Amino acid sequence: MNTAYLSLGSNIGDRLDMLQEAVRIVMNQEDLHISRISSVYETAPVGFTDQASFLNMVVEVQSNLSAFKILSICLETEQVLGRIREFRWGPRCIDLDILLYNDENMESENLIIPHPRMHERGFVLIPLLELNPNLNHPITGVPFRQYVEEQKEGVHLWKTFDGVDAFVHSEN
Ligand code: X6L
Ligand code: MG
Ligand code: MG
C-alpha cells in the first residue's frame, strides 16, 4: 500500500462545494481510499496575487495505484469539475496536485514528486503538517515543520470537519 498526499485548492465559484465535489470524485475511485482530510484554510493568493483568495486543504490517500495513475485521477477530476486553464497561476475552480507519494523522489516529463515548490507554500505546508506533523522532505530530509515557520502569513483556518464522511456530507 502506498500513501500519497494531495493538495486541493479553489478560488472560483462555490469554493467549498468544489473541494467537496473533488473529494467525492476521488474517494469513489476504485483502489483508492481517502484516509484523512485536513481542515480547510482560506489563503491569500501567491504567484499571481491579483485574484480572489483560495480555499485550500490536503488529503491523505492510501492506494495501490501508481503515482501516474493518481495523477490521471487528479486531472480527470479537474476536467469533470469544469476547470478551464486561462493562464499560468491564474484563478481556477479546482486544482489537485500530488505533493508526496511515499517518500519517493521521481522526475518525469509530466510528474515531479515531491511537488517541487511545496516547501515554499504555506497553503500546502500548514494543512499537510496538520495531518502529519513529523513528515520530512524526502529529498532534503528537513522536517517540513522547519520550512513552515516563515510561511504562516496569509493562511487562516477556515473550517474543520469531523472526518472525511462529515466533510463530504456537510451541507452549506
Ligand atoms: C515567486 C514566483 C513566488 C512564483 C511565488 C507560488 C507561483 C505559487 C505559483 C511563486 C508561485 C504558485 C494557489 C495559489 C496558485 C493555491 C493559494 C502556485 C500556482 N495556486 N495561492 N496560487 N492557493 N493561496 O492553491 O501555487 S498558482
Ligand atoms: Mg497547484
Ligand atoms: Mg495543479
For region 57-114, fraction of C-alpha pairs farther apart than 18 Å, in %: 39 percent
Kirkwood hydrodynamic radius of the chain, from inverse mean 1/r over distinct Cα pairs, in Å: 16.1 Å
In sequence order, calculated HN-Hα J values of region 105-118 (Karplus, 6.51, -1.76, 1.60; Hz; x Gly/Pro): 10, 9, 9, 10, 4, 10, 8, 10, 9, x, 3, x, 10, 4
Around Ser10: net Lys/Arg minus Asp/Glu count, Cβ-Cβ under 13 Å: -4
Ranked packing of 123-129, 11-17, most packed first, by mean Cβ within 10 Å: 123-129, 11-17
Reduced Cα scattering model of region 10-80, Debye log10 I(q)/I(0), q = 0.12, 0.22 Å⁻¹: -0.36, -1.04
Integer Hz, Karplus 6.51/-1.76/1.60 couplings in order for region 163-171, x for Gly and Pro: x, 5, 5, 4, 5, 6, 9, 6, 9
In Hz, Karplus ³J(HN,Hα) per residue of region 145-162 (6.51, -1.76, 1.60; θ = phi - 60°; x = Gly, Pro): 5, 6, 6, 6, 3, 8, 10, 8, 5, x, 10, 10, 4, 10, 7, 10, 10, 8
His137 long-range amide H proximity, modeled H, under 5 Å: Val142, Phe144
Asn2 long-range amide H proximity, modeled H, under 5 Å: Ser63, Asn64
Protection proxy ranking, peptides 47-57, 78-88, average beta carbon neighbours within 10 Å, highest first: 47-57, 78-88
Shape call, region 100-144: gyration tensor on alpha carbons, a/c limit 1.5: prolate
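Here, each number is a calculation from the coordinates, and none is a lab measurement. Treat the numbers as computed from the prediction; the structure is a model and nothing was measured. No Cβ is skipped: glycine too gets one built from the backbone with ideal geometry, and neighbour counts run over all protein chains shown.
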